[in-house]
Structures are given as structure tokens and as C-alpha cells.
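Note sheet for the following structure.
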Amino acid sequence: EHLINDLKENELWDETVLEDIENLNGYETFAVDGSKVTWQANNKDIYYRGKTTKELPVEMEIRYTLNGEEKPVEEIIGKSGQVEIELKYINHSKVQDLYTPFVVAVATTLDKSKVENLQVTNGKTVSNGRKIAVTAVAAPGLYESLGIEELKDVDKVKISFETEKLELNEIYSIVTP
């Protein structure tokens with residue numbers, strides 16, 4: 001967490017679900033009262049972290065298929081064929097009939113010399129001749145909240161391509177309300 005102290009206050013407070021709170025950028029002290037943490041900020045910004053056992057509001061399921069057969073990623077690395085990576089996001093944050101409106105930004109890169117016929121749903125690809133940047137967005141719970149048929153698959157991102165030898169880089173998912 002980053003508390004911006006633009007008014008140069010001596011004391012700042014924050015609502016938190018974190019336990020085992022640790023100051024990351026100084027020696028400012030704090031006191032916790034329930035979910036309220038009060039910092040003796042001494043006119044500074046506060047950077048802190050902690051731990052929680054609370055369930056994340058958005059869950060991700062990932063599925064890999066090679067030539068139409070679902071397999072663990074460890075079994076398809078280095079193999080050739082038609083690859084599909086499906087990232088599905090499940091929104092657990094709901095108030096009455098409406099889901100909290102989260103947006104997920106997805107990004108990865110692929111080696112252009114090792115992939116052909118690259119396609120991504122809900123996204124775009126850009127190549128510099130050596131690497132292909134893959135970006136996409138998802139909005140889990142949007143279809144369930146609004147019921148608009150055109151939004152039915154906006155909770156998923158599918159990346160598909162052909163390869164002679166599968167290599168994968170990290171796939172980043174950033175979730176924000």
C-alpha cells in the first residue's frame with residue numbers, strides 16, 4: 001500500500017484487512033484498531049505491506065491445449081502443433097445482482113520465429129520483427145451483471161497459434177476495479 005501524504009500531515013490513517021503490517025520505507029510507527037491503521041507519518045508518504053487470508057475477488061483459471069487435447073503446460077513445452085491458451089477470470093465480488101466491475105489487462109510476448117497464425121480474443125498483437133507483444137482485456141462478471149449477449153465471453157482471453165517447438169514467456173494479468 002502507498003499512502004500519499006501530499007498535505008504533509010503528521011498522522012495518516014487507512015482502512016486495511018492486512019495483518020503483520022510492515023513499514024517499507026522508513027521508521028514511522030503505526031497503531032492498528034480493528035481495520036483502521038493509524039500512521040505517525042512525520043510529513044512523509046507511507047509504503048507498507050502485510051498479509052491476508054481473505055480470498056481474492058478475482059480468480060484465474062488457465063487451460064492449455066495442444067492439437068485440441070488439454071494437457072498440463074509441463075507436457076506441451078517443446079512440442080509442436082496447434083496451441084491454445086485460455087485464461088478465464090471469475091469474479092467473486094458481488095453486491096446483490098451486480099458484480100464489482102473489474103478489468104483485467106493481460107500481456108505476454110512470443111518469439112516471432114517460433115509461432116505462426118497467432119490469434120488473440122479480446123486483444124491485439126504487435127510485432128517488432130523478432131518478438132510479438134500480445135495484449136488483451138477481460139471483464140469478469142460484466143455479462144452476468146448486464147445480460148448483454150455480446151459480452152458473453154469478455155471474461156476470457158484465448159491465445160492460439162501454431163508452433164514447431166513451444167516456448168512460453170510469463171503471462172501477466174493485472175486486475176483493477
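The values are calculated or read from the model by the stated rules, or taken from the named source; none is laboratory data. Being a predicted model, the structure only gives us computed values, none of them experimental. No Cβ is skipped: glycine too gets one built from the backbone with ideal geometry, and neighbour counts run over all protein chains shown. Each accessible area value is taken on the protein alone, full model and side chains, heavy atoms only, with ligands, DNA and RNA left out. Shrake-Rupley method; radii C 1.70, N 1.55, O 1.52, S 1.80 Å.
Only residues that are farther than 30 Å from THR163 by Cβ and either open to solvent by 80 Å² or more (accessible area, probe 1.4 Å) or not in a loop (DSSP other than H, G, I, E, B) (or both) were counted in the range 13-66, giving 33. Looking at this structure, is LYS156 open to solvent by 60 Å² or more (accessible area, probe 1.4 Å) and within 24 Å of LEU66 (Cα to Cα)? Judged against the criteria, LYS156 is not a match. LEU151 meets the conditions (1) touching a residue at least 24 places away in the same chain (Cβ under 8 Å); (2) open to solvent by 30 Å² or more (accessible area, probe 1.4 Å) in every case but one. The failed one is (1). Tell me, yes or no, whether the range 85-93 has at least one residue that is closer than 30 Å to LEU24 by Cβ, modelled with pLDDT under 95 and touching an Asp or Glu at 6+ places or on another chain (Cβ under 9 Å). No - not one qualifying residue is present in the range 85-93.
For the range 82-139, name all the residues that are open to solvent by less than 70 Å² (accessible area, probe 1.4 Å) and touching a helix residue (DSSP H, G or I) at 6+ places or on another chain (Cβ under 6 Å). Passing the criteria: TYR99, SER127, ILE132.
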